[in-house]
Amino acid sequence: MKKLVFNSVYKCYNEKDVIKNFSAEITEGNPVCFFGESGCGKTTLINIAAGLVKPDKGKIITEKIAHTAVVFQEDRLLESCTAEENIMLSAKNTELARKISDVCGITEFLKLYPNEMSGGMKKRIAVARAVAFDGDMLLLDEPFNGIDEERIDRIIEFLKTYIENKVCIIVTHDINQAKKLNAEIIYIYDNYY
Amino acid sequence: MKITDNRYFKILITAVFWLALWQAVCVIVGRDVLIASPADTFNALIEMLQTAVFYKTIVMSFVRVACGFFIGMAVGIIAAVITCANKTIYMLLKPAINIIKSTPVASFIIIALAWMKSGQVPVFISFIATAPIVWGNVSEGIKSVDEKILEMAKIFEYSFSVKLKKIYIPSIMPFMRSAIISGAGFAWKSGVAAEVIGSPKYALGSKLYDAKVYLETSQLFAWTAVIIILSIIFEKIVIRLVNAAECKKETKNEKTCF
């Protein structure tokens with residue numbers, strides 16, 4: 001079974017503890033939502049899970065997780081590439097790329113460049129890119145900002161099936177999105193979990 | 001549209017103004033040996049155009065400067081990649097590049113004359129003029145690559161060639177463009193200066209020097225005009241090459257992936 005374990009993780013920035021003694025075990029098919037105020041360390045936890053940031057103390061244990069896909073808070077699309085290229089450069093599964101493009105409603109603007117898109121459009125491309133990558137773990141950091149409610153519901157419906165065999169963490173300010181995804185909610189408040 | 005809004009009319013008016021000013025200065029100075037008139041310069045140019053040596057001279061100078069420039073570009077790019085990848089090499093190379101940047105071109109020309117044949121000196125000097133500019137700008141371009149985009153590329157397991165084509169080259173291109181434009185101008189000026197001092201056969205700089213020695217002021221002015229025109233042509237060619245490279249990149253981007 002695919003598994004991600006945070007084992008007494010600490011992380012401090014500028015001598016301030018951002019993450020203090022955080023522990024959690026996340027298994028495939030059981031999505032988890034990190035919920036809390038801005039600046040409480042949710043994105044840091046996502047970055048630690050993705051391997052982009054090393055914890056100061058504690059351990060990250062993964063089992064059967066070789067590839068991780070991330071929907072970053074700031075989209076991080078390639079400005080010199082069209083929406084289609086942004087998706088296809090990461091896509092390991094073309095069929096999945098087609099399907100998620102349809103679910104995200106991006107088929108009409110696949111030829112556009114990021115600087116020709118709205119924030120919501122870019123976010124949908126970022127979601128499609130992460131899904132098309134088809135990793136063992138999916139990390140979603142504020143993945144639905146700027147996307148309309150109806151579209152969010154369609155994407156969540158798709159994700160519910162898609163993440164059945166994946167480890168998934170979502171960071172969101174909207175607790176209803178986490179509930180719709182059937183995610184277990186971990187409240188993060190002043191380093192208290 | 002008013003006639004004064006016409007681009008060609010504006011160019012004509014500007015040219016007439018400066019030619020009139022040039023002629024006025026000639027009349028005031030009144031000595032051909034100090035300043036040649038526009039008419040004398042034009043006549044000298046027409047005479048030069050009728051000789052085979054003229055064409056051989058401009059071709060040879062053009063080739064020398066172009067060789068130095070393109071070698072300088074290649075070395076500048078390679079040095080930038082290496083120094084950005086390895087901080088120790090950067091630390092070792094930086095003083096050398098700073099010394100090259102602050103050393104007068106004339107010093108390099110004199111030193112180079114002791115090392116190589118006079119025909120090779122302009123190539124070397126154009127190279128020395130171009131490489132540090134390209135190195136500096138390309139290094140800036142590499143450093144300007146967004147760390148967050150590199151993190152994204154790591155997460156989505158982009159290959160080296162994809163990172164190069166889709167992340168590094170688009171970031172470097174604007175810096176490269178300004179390096180090429182300023183490098184081309186500088187290479188041309190330095191190359192001709194090396195020809196003046198080294199006086200190789202069939203060289204614009206040598207012709208300039210000969211005209212000065214024999215007090216042929218109208219020829220001196222005519223050769224200067226030729227150098228300016230060639231410098232502009234060289235810069236335009238280089239800009240076209242950059243534009244063509246960018247267009248090729250955009251056309252490739254239009255390919256369907258789905």
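The values are calculated or read from the model by the stated rules, or taken from the named source; none is laboratory data. The structure presented is a predicted model; accordingly, all values stated were derived computationally and were not measured. These accessible areas exclude ligands, DNA and RNA; they are computed on the full protein's heavy atoms, side chains included. Shrake-Rupley method; radii C 1.70, N 1.55, O 1.52, S 1.80 Å.
Quick rundown of the values:
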read-out	value
Total accessible surface hidden between B and A, rounded to 100 Å², 1.4 Å probe	2200 Å²
Per residue accessible area in Å² of the protein assembly as shown, where ligands, DNA and RNA are left out and the probe is 1.4 Å	52 Å²
Reach of B:Lys56 by Cα under 18 Å, taken over aspartates and glutamates that are not fewer than 8 positions away in the same chain	B:Glu47, B:Glu195, B:Asp210
Minimum 50 Å² accessible area buried by the other protein chains, segment A:63-80 residues, probe 1.4 Å, relative to alone	A:Arg76, A:Leu78, A:Ser80
Cα-based equivalent ellipsoid of chain B: semi-axis lengths in Å, sorted from largest, via gyration tensor	42, 26, 15
Solvent-accessible surface (1.4 angstrom probe) belonging to B:Val192, in square angstrom, nearest 10	10 Å²
Highest-fluctuation residue, B:Tyr158, B:Tyr209, B:Tyr55 considered, GNM on chain B with Cα pairs under 10 Å	B:Tyr158
Under 22 Å from the Cα of B:Lys94 - lysines, other chains or at least 8 residues apart	B:Lys143
Under the Karplus curve 6.51 cos²θ - 1.76 cosθ + 1.60, θ = phi - 60°, whole-Hz ³J(HN,Hα) for segment A:31-37, x wherever Gly or Pro sits	x, 10, 10, 8, 10, x, 5
Flagged links, alpha-carbon separation over 25 Å, of A:Lys57/B:Lys166; A:Lys64/A:Lys180; A:Lys123/A:Lys166	A:Lys57/B:Lys166; A:Lys64/A:Lys180
Separation between Cα centres of segment B:86-160 and segment A:30-96, rounded to whole Å	36 Å
Partner lysines for B:Lys117 [C-alpha distance under 17 Å; skip if fewer than 8 residues away on the same chain]	B:Lys201
Highest-MSF residue in chain B out of B:Phe108, B:Phe175, B:Phe160 [GNM, Cα springs under 10 Å]	B:Phe160
21 Å Cα-Cα threshold exceeded, pairs from A:Lys99/A:Lys122; A:Lys3/A:Lys160; A:Lys54/A:Lys92	A:Lys54/A:Lys92
Surface share of carbon and sulfur [accessible, 1.4 angstrom probe, percent] for the protein assembly as shown	60 percent
